[in-house]
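Visitor: Structure below; questions to follow.
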Amino acid sequence: MTKTKTTLIRGGTVVLGQTVSRQDVLIRGERIAALDNLSDHKVDAEIDAAGLLVLPGAVDTHVHFNDEFMNTTSVHDYYTGTLAAAYGGVTSIIDFSNQSPGDNLMSTLKNKKEEAEGKALVDWGIHSVITEPRPEVLDEIPLLVEEGAPTIKCYMTYRNEGLMVEDSDLRCILERLRDAGGMLMVHAEDNDMIEENVPRMIHSGLTRPGYHAKSRPPEAENRAISRCIQLVRETGSRLFIVHMATDKGIELVGAARSEGQDVFAETCTHYLIFTDKMLEREDGIKWICSPPLRSQSIQDRLWAGLQDGRVSMVSSDDAAYSWEAKLFGAESFDKCPNGIPGIEPRLNLLYSEGVSKGRITLQRFVELVSTTPANLFGLAPQKGTLAPSADADIVIFDPHAKWTMNQESLHMATDWSAYENIEIRGKIEKVFSRGELIIDGDRCFAKKGRGRYLHRRLNQSIKASL
Ligand code: MN
Ligand code: MN
């Protein structure tokens, strides 16, 4: 019998729930064995973490690998995407599996598992995306929940891309998910408003990237958010609004929750880092995403929403399209694939812009990037915390390091970068995934295919605790 390896992370500052304290962390095999003053322990390996932060591995529940969209496919697959994730301190990801025309949901799940096979470096899960809500497709919802994929996404827009689901179908999906113990994720933008704005602008010669944002104003998002929250009121289901990017959205979510509705929302890194000013640049197509980047005042409100809890977490919405594909929009914004790569820089940017600049506390930061995504998406208590018996997914982080983020310093597979010369405070030194040191400085030791499927189960009593 081979002996189970033990590693002691000594003397680091450990963030565990609301407590920040100096603790040793003992890893035994794949799990955290103990936290305490463990300096007498005999171990196989020791790491000196004095002066460093010891954080739970980040959880990114919103990434698009091999995503076919707007005449292209995202360049992150389960190898390149999880490689960038690992460098960014992300030890669990959840990817989307779009239902293809004529296909059922179980087969999309199977296809995604095959895509991941032999490739993933960190642990991964799947959300199905319903695009054709036929009766037999809705019948599969309980099966998906059983397969450990209890979160399903629907789009309220992108009719022309074949993704949109009508409100009447959303209601049926919400009911089925409620009964099966699942949660609906929605991309909330009002399709009618966008479908009216885009051709009108294009025909008037208003084709620059800035018009992308003007064609999808905050009002388009707010209308859709109001509608899906109303469906929750009527069905008593659980709803998660992805990539929320308006101040009014925060108010709507806050109001629904104070009524006792089971409604949660995330925002994404890019809405917290960039404003719509980026779209005015010559290379503005880099920042075309949907919902679009917003004004400075909305960005300030998003940070405030993260602080006061109405916005529950931050994901990346990693949608990494090649420069060649982004250039489809060079002459006309409506042809540019909507999306920004971001799986790698989320933890660094949130720490630097959030904690280091005093907008959020260190504890809140850990909740936003790790603990809450794990809790809401059915990965707790295995992921998202450093408690004994949790998986030893650990980031060792130097809070004082200074560096410049740009294309050269990142490992994402895109041949361009939206993150150019950003001054960063704080640096990831080491990353452990299930007890294995996978990142050490510039080196990655993870073997292809070591990542495991995350069989998820939602915690139905979570409402009261958030
Ligand atoms: Mn979306
Ligand atoms: Mn997305």
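Visitor: Which whole-number percent is the relative contact order of the stretch 24-101 (Cα, under 8 Å, 6+ apart)?
Guide: Values: 68 pairs, mean separation 20.4, N = 78.
So the answer I get is 26 percent.
Visitor: Let me ask you something else. Between the helical axis of 218-235 and the dominant principal axis of the chain, each derived from Cα atoms, what acute angle in degrees is found, rounded to the nearest 10?
Guide: Around 80 degrees separate the two axes.
Visitor: Just add up the charged neighbours of Asn37: K/R +1, D/E -1, any other residue whose Cβ is under 11 Å from the Cβ of Asn37.
Guide: Numbers: positive: Arg10, Arg22; negative: Asp24, Asp36, Asp40.
Every neighbour counted, the sum reads -1.
Visitor: When the gyration tensor of the stretch 220-342 is built from Cα positions, what are the square roots of 5 times its three eigenvalues, in whole Å, from largest to smallest? Don't skip to the end; give the middle numbers.
Guide: On the way: eigenvalues 168, 45, 27 Å².
Square roots of five times the eigenvalues give 29, 15, 12 Å.
Visitor: Can you tell me the orientation of helix 167-180 relative to the chain, as the angle in degrees between its alpha-carbon axis and the longest Cα principal axis, to the nearest 10?
Guide: In the chain, helix 167-180 runs at an angle near 30 degrees to the longest axis.
Visitor: To check you understand DSSP bridge types, tell me what percent of the beta bridges within the stretch 58-376 (both residues inside) are antiparallel, rounded to 5.
Guide: Of those bridges, close to 5 percent are antiparallel.
Visitor: I would also like to ask the following. What span do the alpha-carbon atoms of the chain cover on each of the three principal axes, reported in whole Å from largest to smallest?
Guide: Largest first, the chain extends 71, 49, 42 Å along its Cα principal axes.
Visitor: Alpha carbons only, please: Rg and Dmax for the stretch 28-119, in angstrom.
Guide: Spelled out, the Cα radius of gyration and Dmax of the stretch 28-119 are 18.9, 62 Å.
Visitor: Compute the semi-axes of the equivalent ellipsoid of the stretch 94-156, taking the square root of 5 times each eigenvalue of the Cα gyration tensor, and list them largest first in whole Å.
Guide: Result for the stretch 94-156: semi-axes of 20, 12, 11 Å.
Visitor: List the pairs from Lys427/Lys447; Lys286/Lys335; Lys5/Lys42; Lys383/Lys448; Lys113/Lys286; Lys112/Lys448 whose alpha-carbon separation is above 19 Å, in the order I gave them.
Guide: Over 19 Å Cα-Cα: Lys427/Lys447; Lys383/Lys448; Lys113/Lys286.
Visitor: Let me ask you something else. Quick one: accessible area per residue over the chain, 1.4 Å probe, rounded to a whole number of Å²?
Guide: Details: 17590 Å² over 466 residues.
Each residue of the chain exposes 38 Å² on average to a 1.4 Å probe.
Visitor: I would also like to ask the following. I'd like the distance between the alpha-carbon centres of the stretch 296-329 and the stretch 335-375, rounded to an integer number of Å.
Guide: The stretch 296-329 and the stretch 335-375 have Cα centres spaced 9 Å from each other.
Visitor: So what J values fall out for the stretch 319-335 if you push phi through Karplus, 6.51 cos²θ - 1.76 cosθ + 1.60 with θ = phi - 60°, rounded to Hz, Gly and Pro as x?
Guide: Computed from phi, the couplings for the stretch 319-335 are 9, 9, 9, 5, 5, 4, 6, 4, 5, 3, x, 4, 9, 7, 4, 6, 9 Hz.
Visitor: I would also like to ask the following. In deg cm²/dmol, rounded to 500, what helix-only [θ] at 222 nm does the chain give when every DSSP H run of at least 4 residues adds -39500 (n - 2.57) and the total is split over its residues?
Guide: -8000 deg cm²/dmol
Visitor: Express the carbon and sulfur contribution to the solvent-accessible surface of the chain as a percent, rounded to the nearest whole number, probe 1.4 angstrom. Walk me through the numbers on the way to the answer.
Guide: Details: 8290 of 17590 Å².
Reported share for carbon and sulfur atoms: 47 percent.
Visitor: Next up: Relative contact order, percent, of the stretch 58-376 when contacts are C-alpha pairs under 8 Å separated by at least 6 residues?
Guide: Relative contact order for the stretch 58-376 comes out at 19 percent.
Visitor: Could you give the angle, 0 to 90 degrees to the nearest 10, between helix 191-203's Cα long axis and the longest principal axis of the Cα atoms of the chain?
Guide: Approximately 70 degrees, to the nearest ten.
The values are calculated or read from the model by the stated rules, or taken from the named source; none is laboratory data. Keep in mind the model is a prediction, meaning the values are calculated, not measured. For neighbour counting, all protein chains shown are included, and Cβ atoms are generated from backbone atoms with ideal geometry for every residue, glycine included. Just so you know, the surface numbers come from the protein's heavy atoms only, side chains and all, with ligands and any DNA or RNA stripped out. Shrake-Rupley method; radii C 1.70, N 1.55, O 1.52, S 1.80 Å.
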